[in-house]
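The values are calculated or read from the model by the stated rules, or taken from the named source; none is laboratory data. Small disclaimer: the values here were computed from a predicted structure and weren't measured. Heads up, the Cβs are rebuilt from the backbone with ideal geometry, glycines too, and the neighbour counts pull from every protein chain shown.
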Amino acid sequence: MGKLKIAGIALVTAVFSLLALAGALDRSFTIYRGLEIAWSRIILWIAGVHVTRVGGEGLDPKRSYVFVSNHASLFDIPVFKAVVGRRADIVFKRELGRIPFFGWQLLLGPYIVIDRSNVEKALRSIEKAKRVMERSGASALIFAEGTRSKTGEIQPFKRGAFHLAARSGAPVVPTTIVGTSELLPKGTTNLKGGNVTVVFGDPIDASNVADRKGEMELMNRVRDVIVKTKEERS
């Protein structure tokens, strides 16, 4: 049954990727954003995943935020998209853009590409992300570990998300996703349904962060919130 579900998810993703390629021609991305939410909800329905949202009621829908989340599964993206209810563009690594159709629509969409081949290119990517947020008014979602955890345990964070928050002045929202590592662990095809919880913490002001030390302190503070929340909810 798990492999049949994966086949269904792959088919739905291929169809929606083609639709998104066409939808991205509308540079307001109204159609694109509607497709991504529909895709997320259909994927979760096929997989038998029920998502509970906790917190976030006080977030201003007209304000930009940097959502910083842990990352344990491919399901983290549709789970986040299904519950966030706002324009939040994923910051993704350039390598994903090479995936036929799915990666191509990411590149054409409103998402933000990070080139991690060296520090200079990564910093330029962050500056571009800042300009995109200022121009569009959208928020950003960053998986601060940089890659999916193989064990579900939260790995060390990378500084890019916090550099973006400091440069843009957007508050950081600690976002804890609990339960996706059990749905489809990295490196497996054993897909199981289940319950997932997304916990939005209180926004943390980043407007007064002025240097690397401040970014590291912000990073450690946010990671501590996410680790504690995951421990409490697991």
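Consider Gly194 carefully, then state whether it is touching a residue at least 60 places away in the same chain (Cβ under 8 Å) and either within 13 Å of Phe67 (Cβ to Cβ) or out of contact with any Cys (no Cβ under 7 Å at 6 or more places or on another chain) (or both).
Yes.
Considering the range 51-84 alone, what residues qualify as being among the basic types (Lys, Arg), closer than 21 Å to Ala165 by Cα and under 16 Å from the mean Cα position of the chain (by Cα)?
Lys81
Would you be able to say whether some residue in the range 199-207 is part of a helix (DSSP H, G or I), within 19 Å of the chain's Cα centre (by Cα) and crowded, with 22+ Cβ neighbours inside 10 Å?
Step one: of the range 199-207, the residues part of a helix (DSSP H, G or I) are none.
For the range 199-207, residues part of a helix (DSSP H, G or I), within 19 Å of the chain's Cα centre (by Cα) and crowded, with 22+ Cβ neighbours inside 10 Å: absent.
Which one is farthest from Phe92 (Cα to Cα) among residues in the range 130-145 that are in contact with a strand residue (DSSP E or B) (Cβ under 8 Å, 6 or more places away or on another chain) and part of a loop (DSSP other than H, G, I, E, B)?
Per the stated criteria, the residue is Ala138.
Which numbered condition in (1) of a type outside the set (A, V, I, L, M, F, W, C); (2) touching a strand residue (DSSP E or B) at 6+ places or on another chain (Cβ under 8 Å); (3) buried (at least 17 other Cβ atoms within 10 Å of the Cβ); (4) over 26 Å from Pro61 (Cβ atoms) is the only one that Arg94 fails?
Single failed check for Arg94: (3).
Test of understanding: among Val49, Val91, Val84, which residue is modelled with pLDDT of 90 or more and of a type outside the set (Lys, Arg)?
Val49
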